[in-house]
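Shown next, in structure tokens, is the structure this report addresses.
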Amino acid sequence: MKFYLFFIILICLSHTSHSKLLSSQEIADICHSDDDIYLVDIFKHRKPTLGYQQDKDHKNDIDLDGDGLPDVMHGDFVAKVFELNQRPLKTYGIKNFGKSGIQGALGDLRHYIRIKQIKKPAAIILALSQSYSLEKIAIELLGNQNAPITMSNIDNYAEQIIAGIKETLGDHHSLYSFYRDVKDLEKLGVPVVIAAGNDYSTTINLASLMGATSIGALDLNGEVAAYSNENLYVNIYRPGDYISRELPGGIDINNDGIVDFESSLLTGQTKLKDWVSNNQPQILSISEAQTKLKESFLIESNDFHQFTGVSDQAILSQYDQTYGDVVHYPSNMSFFKQPDGTLVFNPAKDNSSDQVAINSGTSFAIGSLCN
């Protein structure tokens, strides 16, 4: 009976074609449109156009001034990046960044568009990565651990994967609901644009094969960032690395000499780059740190973070070749080892003294959509 139901679902979905990825020209058209773009995210220091604003007690998650303490919420940062590219933006605030929060936002926006409470937007953008490994897809969604699925042929399995989501997880599961929302918005003429994911191309963002267009990240050299997912569903890339520079009155994140986040938002404690220069923490080589990771795959120890700044093997193996010889806690702080053994924070590679932090991710590339 289970196989029969799966077969029926597959037949029903086989006639549904996924929308093609938006092209660079279509992205440009969105950015130059007079219609609104909505960002779905978590906001605390700015009032969102719709949805929820976090209260004062809600923990921040983005460190702007490099002291290891978060200063603003994810949405505050992404919206600022978007605005720095001179594109007006409207926002929908969610209570949490879990799948239910995303689902509620898309459902609300879809409803508001249908009843004409809001004008049809040019696009809805969000930092969402429904990351699944190929092995997990084969076992959990296709029911066949030997399925010959690869990153290059996964599109051939898209309908089967979505059918597997419905059968295995249920049609009320947030993952399948996201698929329905994207398809409904597509019928309304509203594209959904998402972050490709920061999984070093070790997983696939399932949202990518559901009709959403994924944005990958470029590093400071204009190359595809080591952390960015890169696969056949990612055809648009934007800058994803933002260096915080300290100015009188606050922090500048795009190096134009203008304060983007005022000092009143900052925790303002001792900067990690200053702490490192005064204390020179123990340096672990990548191989030494990998050995420690093998001993305990998920490292929670603050002491380990003090030595390496990382808690998963993907970041550990890639960060060394991307930014520097050692990474310090938090993982957006990277230090280069000098010939004399000292460490220096220099992600801009210009030896400037005002750089204090770097925030990286495909969600920030989303903010750079109209770059």
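The values are calculated or read from the model by the stated rules, or taken from the named source; none is laboratory data. Predicted model only: the values in this text are computed from it and were never measured. No Cβ is skipped: glycine too gets one built from the backbone with ideal geometry, and neighbour counts run over all protein chains shown.
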Residue list for the stretch 139-194, restricted to those being β-branched (Val, Ile, Thr), in contact (Cβ under 8 Å) with a residue 60 or more places away in the chain and within 26 Å of HIS111 (Cα to Cα): ILE162, VAL182, VAL190, VAL192, VAL193, ILE194
Given the criteria touching a helix residue (DSSP H, G or I) at 6+ places or on another chain (Cβ under 7 Å), hydroxyl-bearing (Ser, Thr, Tyr) and at pLDDT 95 or above, does THR49 qualify? no
Exactly one of LEU220, LEU266 is among the hydrophobic types (A, V, I, L, M, F, W, C), closer than 24 Å to LEU369 by Cβ, surrounded by 15 or more Cβ atoms within 10 Å (Cβ to Cβ) and in contact with a strand residue (DSSP E or B) (Cβ under 8 Å, 6 or more places away or on another chain), and that residue is LEU220
Please list, ordered by first then second residue, the pairs with beta carbon atoms under 8 Å, 6 or more apart or interchain, first in the stretch 257-269 and more than 18 Å from ASP61 (Cβ to Cβ), second of a type in the set (D, E, K, R). ILE258/ASP252; VAL259/ASP252
Just checking, does the stretch 171-188 include any residue being assigned by TED's automatic domain parsing to the domain that holds SER214, in a loop (DSSP other than H, G, I, E, B) and at positive phi? no
Please find, within the stretch 244-277, the residue that is nearest to VAL344 (Cα to Cα) out of those that are at pLDDT below 95 and not in a helix (DSSP H, G or I). LYS271
Every residue in the stretch 317-360 that is within 13 Å of GLY66 (Cβ to Cβ), at pLDDT 85 or above and not in a loop (DSSP other than H, G, I, E, B), please. GLN355, VAL356, ALA357, ILE358, ASN359
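Table: residues versus (1) of a type in the set (Val, Ile, Thr); (2) assigned to a loop (DSSP other than H, G, I, E, B); (3) buried (at least 23 other Cβ atoms within 10 Å of the Cβ); (4) over 17 Å from the mean Cα position of the chain (by Cα).
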{"residue": "PHE77", "(1), (2), (3), (4)": "no, no, yes, no"}
{"residue": "VAL81", "(1), (2), (3), (4)": "yes, no, yes, no"}
{"residue": "ARG87", "(1), (2), (3), (4)": "no, yes, no, yes"}
{"residue": "ASN96", "(1), (2), (3), (4)": "no, yes, no, no"}
{"residue": "GLY107", "(1), (2), (3), (4)": "no, no, no, yes"}
{"residue": "HIS111", "(1), (2), (3), (4)": "no, no, no, yes"}
Just to be sure, is TYR38 among the hydroxyl-bearing types (Ser, Thr, Tyr) and either modelled with pLDDT under 95 or assigned to a loop (DSSP other than H, G, I, E, B) (or both)? no
So which of ALA226, ALA217, ALA212 ends up being of a type in the set (A, V, I, L, M) and in contact with a Gly (Cβ under 7 Å, 6 or more places away or on another chain)? ALA217
Within the stretch 79-97, identify whether any single residue is under 22 Å from LEU22 (Cβ atoms), of a type in the set (Phe, Trp, Tyr) and touching a helix residue (DSSP H, G or I) at 6+ places or on another chain (Cβ under 9 Å), and answer yes or no. yes
